[in-house]
Each structure stands twice: as C-alpha cells, then as structure tokens.
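The structure appears right after this line, and notes come after that.
Bear in mind these aren't lab numbers, they're just calculated from the coordinates by the rules spelled out. Just so we're clear, the structure is a prediction, and the values are computed from it rather than from any experiment. Every residue, glycine among them, receives a Cβ derived from its backbone with ideal geometry; neighbour counts consider all protein chains shown.
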Amino acid sequence: MSVESDIGSSIPGDAPSSRDRRIAESDFPNEIDHLRALVRASGVAVAEVALPTDRDVLLGRMRIHYLDWGGAAKRAIVFLHGGGLNAHTWDVICLALRPRFRCYALDLRGHGDSEWSPNLRYGLDEYARDLAAFIEERSLEHVVLVGSSLGGLVSLRYASDHAFKLALLVIVDIGPTLLEDGTIRIRQFMSQAVESQTFDAFVAQAAAFNPKRDLTLLRSNLFHNLRQWPDGSWAWKYDRRHRGRWPRAVEAQRLQLWEGVGRIDCDTLVLRGGRSDVFSALNAEELSRSLPNGSWLEVPEAGHTIHADNPAGFLAGIDPLLLGLA
C-alpha cells in the first residue's frame, strides 16, 4: 500500500512544514541559492542546479520521505544516507548525476523528515523492508543502489535477497567488519545528551567531530538535519529516544551480514575513505573478495562520509561503473 503526497505535517519525524521552509529562506536567499553555494563549495561540475521534489510515501504503516530529483533519465539510482543523517547529504551527488540518472534519496525511518517508528523498530531488517517496498512501489528495475555507513549496511541486507533487482551496488565505507576505534567515536558522538541549543553550537560540535570537513558543506548538512523549535533553539531531526541503544542494536546485526554476502551476485563496488577510522583497507579488501562480483577502491582526502568529504573524488570513483548503465 502506498499513498504519496508532496508535504506532510510538522510534528517530530514528519515532513517539513511551511515554518521550516521560512527558516530556509531566512538562512539563505532561497533554496536555489543554497544549492548553488553548496555546489561551489564542493568543487563539482554541475550542468544545471535544479531543486528536487519533496515527497512522502506510505510503505505499509510507515511514512517515508524522499527527494525525487526528476529529469528524463530512465535508469534509477537510490541513495541511502548514514545514521543520524538525511537524504540531503546526497544533494551535490544527485545534481551531478541528474542528467544521466533518475536520482532518489531516501530518509530512512526515524531520520530526516520520515516518520519515527512508534515502537523503536530500527533494525537492518526493518530498514531493508522499507527499501524493498519503496523500490516495488516505484516499479524500479535494474536499480543502482548506493548506501553510505548505516545505509550501506541496509543495502547489503537488501541485496542479499534482492540482487536480481540491482544493476550495481555501491557500498560506502562500511561492511560487516569494522575498526573498533572509529565505531566507538561515532557511537559516543551520537549518544551525547544534547537535545537543543543554538545552530552555531551544533556547527562547532560537528566541526570538532569532523575537523577536515568544509564548513560550507557542513553547515548545509546540519541545516537539513536540524529543526528549530518555537523558542528559537535547534535539535536533531533524527529519533533520539533510543540514544545509545540504536547504534549497538545495528552493530549486533552487522556480523550476520556475512551470511548473505555470497548471494550478492550483482556488480558491487566497495569504497573506502583514505582517512577513514571506521573501515580499513583490509576490511574493504575482505568484503570485496567475499562478493561474487566485487571490487574496491580507496578515495583520497575523505573520511568515513566520502561523498560529503570529497564529492569529486566520490564521483570519479563510481563513474567508470556508471558509464555503461546510463
């Protein structure tokens, strides 16, 4: 069952309200100028800066928000973000690929402007079922699926049962086996008891966590990942009722992904950030070797969130495999 609309209500976990959009217009002259500034900061060549369409779709009982970048291309790419992030983390990448592909970027349940799970069901199986329902609802075939961090784990879980639906799978700096220090650092960052503060305080906190990230790109990511309350303070959009428990729940399922890796027989590219403290070269090599049609590549000047740290390097890494698909 699916019901689609362009905009939802403004309760936590729902799509942005008109008030949220007024905030956007006050922080930047308008959304197009916001995107133009983002593209300039990224250094990526984009043929045209166009806005995506915000959409909501009811998948089972869960309302999922996504960005549809439109265009005339027939081949679809579905993008899944990392834990605590949202669909807008892919804005520059989608703009660059829009002339050749129909790009969809999803907000995972409990993230961005998607609905929060009422019973805190945030396991890989639940995320993968949402993805399967979305691909089915859109009647997508021979899809390119790109998942970063948590989105990459979800992509591996989905692909283990649905590789026949995929033309290409791209896994971004993640796998069943990871480096402990980096995962602990992320878990500690996401578990901090910070519920509301100024926007600049969030920027400073995120910059300390990722000091090499371009501040323009960082501010843009945070702008889409925070909501402003009536008292003027800001808070994370993603569901933090499970703070400290949710990352551990996903980690408990991570090693089980090895059981399905051998069934993923579509072409698969594993990307590793050259500065990543989460996913090592050995991890990437092990995963790619275990995939029937896997390969891996290291992207320089990038940490765990490769597409945000080095968008041009990310695009250069995936483009050879995309050339024959557009």
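A few comments on the model shown:
- Cys residues of the chain counted as unpaired, since no other Cys beta-carbon is under 4.7 Å: CYS266
- Charge sum, other residues only, whose C-beta stays under 9 Å from THR305's C-beta, Lys/Arg counted +1 and Asp/Glu -1: -1
- Rounded, prolate or oblate (a/c below 1.5 giving rounded, otherwise prolate when a/b exceeds b/c) for segment 81-179 by Cα gyration tensor: rounded
- DSSP bridge orientation in segment 4-322 - percent antiparallel, rounded to nearest 5: 40 percent
- Within segment 200-326, percent of DSSP bridges classed antiparallel, to nearest 5: 35 percent
- Cα gyration tensor shape for segment 71-133, rounded if a/c is under 1.5, else prolate or oblate: prolate
- Cα shape, the chain, gyration tensor, a/c 1.5 rule: rounded
- Span from the segment 34-49 Cα centroid across to the segment 231-308 one, whole angstrom: 26 Å
- Mean residue ellipticity (222 nm) of the chain, computed from DSSP H runs ≥ 4 via -39,500 (n - 2.57), nearest 500: -11500 deg cm²/dmol
- When you count the other C-beta atoms within 10 angstrom of each residue and take the mean per peptide, 302-308, 40-46 line up highest first as 302-308, 40-46.
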